[in-house]
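Down below is the structure, laid out as structure tokens.
The values are calculated or read from the model by the stated rules, or taken from the named source; none is laboratory data. Just so you know, these numbers come straight off a predicted model, no measurement behind them. Here the Cβ positions follow ideal geometry from the backbone for every residue, glycine too, while neighbour counts run over all protein chains shown. Surface accessibility is based on the protein's heavy atoms, side chains included, excluding ligands, DNA and RNA. Shrake-Rupley method; radii C 1.70, N 1.55, O 1.52, S 1.80 Å.
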Amino acid sequence: AATTEGDVTKAALPFDDRRHGMILGSGATAMVLERAEDAADRGVVPLADLLGVEVANSAHHPTRLDVEHIAGLLDRLVGRVEGAYEVDRHDLARRSVFVSHETFTPKRGGSASAEIACLRKAFGDTANEIVVTNLKGFTGHPMGAALEDGVAVKMLHQQQLPPIPHLEQPDEELGDLHLSDGTATDVDYAIRVAAGFGSQIAFEIWRRRSRSPERLHMAAYQRWLGRVTGFDSPELTVEQRVL
């Protein structure tokens, strides 16, 4: 008889009408966040600019999110970014990818419905134009660490958005959404959400900076390298690269 035991395509189902739980994963990413003037001093074009963050804890439920609270947080963050960077939220939405936290939790009270409610409060009808993607069908749900922050920045740099894996029956209750199918898409912003047990929540908004694979200005880099090493003509080489 056929069995689905061990078949990840029947278990990891973010945004799918059949979603019913989660699978665990492992791994982490590391990122360097520096001041713009420091990057310029060493001759490198940053991958992206971090425009703003919101970090909070609703103290609402061991595993579920307080939708009204977190929707207000994203709305506040978007408003702050609008004011600081003179960008209209609806224009931002049309040029954004939303990097979802959804862990294919059950439809009632799960992460997907909470996340989409946040987008609709912050962006209204324009939320439908945001490209929504999700990695957990590929990676599982790492506990205590996240992969999506680093991947979101690389999405902006490479203009390559992963598809939502195993998506066969989009949940119609979530409304009309632009769910990523892996098609190359031109985006300038990444909106990232992360959630944790005990109703922890974090939102980030990144803006694409580098538009070329060549990010290093060699003359400025050599001046910086000479200054920090104390040598006249230093050379930096990678002897061994280990993952």
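Just one of the numbered conditions (1) in contact with a helix residue (DSSP H, G or I) (Cβ under 7 Å, 6 or more places away or on another chain); (2) free of Cβ contacts under 8 Å to residues at least 40 places away in the same chain is not true of Ala36: (1). Within region 121-140, which residues are under 29 Å from Ser210 (Cα atoms) and open to solvent by 30 Å² or more (accessible area, probe 1.4 Å)? Listed by number, the residues that qualify are Asn128, Glu129, Phe138, Thr139. Examine region 166-180 for a residue that is in a loop (DSSP other than H, G, I, E, B), open to solvent by 50 Å² or more (accessible area, probe 1.4 Å) and without any contact (Cβ under 8 Å) to a residue 60 or more places away in the chain, and state whether such a residue exists. Yes, region 166-180 contains a residue that is in a loop (DSSP other than H, G, I, E, B), open to solvent by 50 Å² or more (accessible area, probe 1.4 Å) and without any contact (Cβ under 8 Å) to a residue 60 or more places away in the chain.
Pairs meeting the criteria (first residue in region 113-135 and without any contact (Cβ under 8 Å) to a residue 24 or more places away in the chain and among the charged types (D, E, K, R), second residue part of a helix (DSSP H, G or I) and open to solvent by 10 Å² or more (accessible area, probe 1.4 Å), beta carbons under 9 Å, at least 6 apart or on different chains) are Asp125/His90. Taken over region 155-164, the criterion of being surrounded by fewer than 20 Cβ atoms within 10 Å (Cβ to Cβ) and either at pLDDT below 90 or assigned to a loop (DSSP other than H, G, I, E, B) (or both) is satisfied by Gln159, Gln160, Pro162, Pro163. Inspection of region 205-226 identifies no residue that is open to solvent by 90 Å² or more (accessible area, probe 1.4 Å), touching a strand residue (DSSP E or B) at 6+ places or on another chain (Cβ under 9 Å) and closer than 26 Å to Leu65 by Cα. Quick check on region 197-204. Is at least one of its residues touching a Leu at 6+ places or on another chain (Cβ under 6 Å), open to solvent by less than 100 Å² (accessible area, probe 1.4 Å), among the hydrophobic types (A, V, I, L, M, F, W, C) and modelled with pLDDT of 90 or more? Yes, the conditions are met somewhere in region 197-204. The residue that is modelled with the lowest pLDDT, among those in region 79-100 that are small (Gly, Ala, Ser) and within 30 Å of Asp16 (Cβ to Cβ), is Ser100. Determine if region 133-154 includes at least one residue that is assigned to a helix (DSSP H, G or I), at pLDDT 90 or above and more than 27 Å from Thr29 (Cβ to Cβ). No - not one qualifying residue is present in region 133-154.
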